[in-house]
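We did not get these values from a lab; they are worked out from the coordinates using the rules stated. Everything quoted here is computed from the prediction, not taken from an experiment. Here the Cβ is made from the backbone with ideal geometry for all residues, glycine too, and neighbour counts use every protein chain on show.
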Amino acid sequence: DQQVKQNSPSLSVQEGRISILNCDYTNSMFDYFLWYKKYPAEGPTFLISISSIKDKNEDGRFTVFLNKSAKHLSLHIVPSQPGDSAVYFCAAPNSNSGYALNFGKGTSLLVTP
Amino acid sequence: DAGVTQSPTHLIKTRGQQVTLRCSPKSGHDTVSWYQQALGQGPQFIFQYYEEEERQRGNFPDRFSGHQFPNYSSELNVNALLLGDSALYLCASSRWAGGDEQFFGPGTRLTVL
């Protein structure tokens, strides 16, 4: 049962434009969300997170928005750069399972020059 | 700080064989979690080790077992390999019960023929 869903397998954006990656979740007990970025032949690396007490968290070019009523979050990258091309995973830890992460399937972002 | 390291990088086995994968956590971390990432999927939680004991387990059969050593390093063992076990196996380390960010290693690519 997929509790974290990323319904867009891929996204292509021009350099300088905004990239918006979406994520939905089904478990209302989730209270913390993370975005990980993964390059080929590397492990996922933490990008940005948000607590359920907030609806927005910003870190440089990256902003995550959380809509708890819709059980939806999104990652905005502005401006997008070619080096941002990677697979992005949305994840939520399950506090009842030692904070084991529930991951979405990922969205492959391609930023073209 | 070497971060999370995993060995080997790649491995090819045949059905029915057994395999052992290894992980060394990031300095200062005492908890190791293992994830399986099949092609086109997000990482799936296998189990988590702390104080040399399995603390949490995901929905994986008993063919998957592990061990944690006093120096916090860990092994993942898979017996009676199936074709469907072909995947990228990721190790992540963190500090126990902190809900902290998990740091991932580069993974071991297992191919079962």
Completion exercise
Computed on Cα atoms, the radius of gyration and Dmax of the protein assembly as shown in angstrom are 17.5, 51
Practice task
Give me the compactness ratio for the range B:8-73, meaning the Cα radius of gyration over 2.2 N^0.38 Å.
Solution key: 1.19
Handout entry: Long-range Cα-Cα pairs in the range B:14-113 (distance over 22 Å), rounded percent
Key = 24
Problem - Assigned charges on the beta-carbon of Lys, Arg, Asp, Glu; the range A:4-112 dipole about Cα centre (debye) - result: 180
Fill in the blank from the handout: Expressed as a percent, the portion of alpha-carbon pairs in the range A:72-113 spaced more than 16 Å apart is 49
Problem - Relative contact order for chain A, counting Cα pairs under 8 Å that sit 6 or more residues apart, in percent - result: 37
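Suppose we take every Cα in chain A and form the convex hull; what volume per residue is that in Å³?
On the way: hull volume 11.4 nm³, N = 113.
Residue-normalised Cα hull volume stands at 100 Å³.
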Completion exercise
Karplus ³J(HN,Hα) for the range A:59-72 (6.51 cos²θ - 1.76 cosθ + 1.60, θ = phi - 60°; Hz, whole; x = Gly/Pro) runs 8, x, 7, 10, 9, 10, 10, 10, 10, 5, 5, 8, 6, 9
Completion exercise
Expressed to two decimals, the range B:55-113 has a Cα Rg over Rh, using the Kirkwood radius, of 0.98
Completion exercise
B:Gln17 neighbourhood, Cβ < 15 Å, K/R = +1, D/E = -1, net charge +2
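Note down the net charge around A:Ser80, summing +1 for each Lys or Arg and -1 for each Asp or Glu among other residues with Cβ under 14 Å from its Cβ. List each step's numbers first, then the result.
Numbers: positive: A:Arg17, A:Lys37, A:Arg61; negative: A:Glu15, A:Asp84.
Surrounding charge for A:Ser80 is +1.
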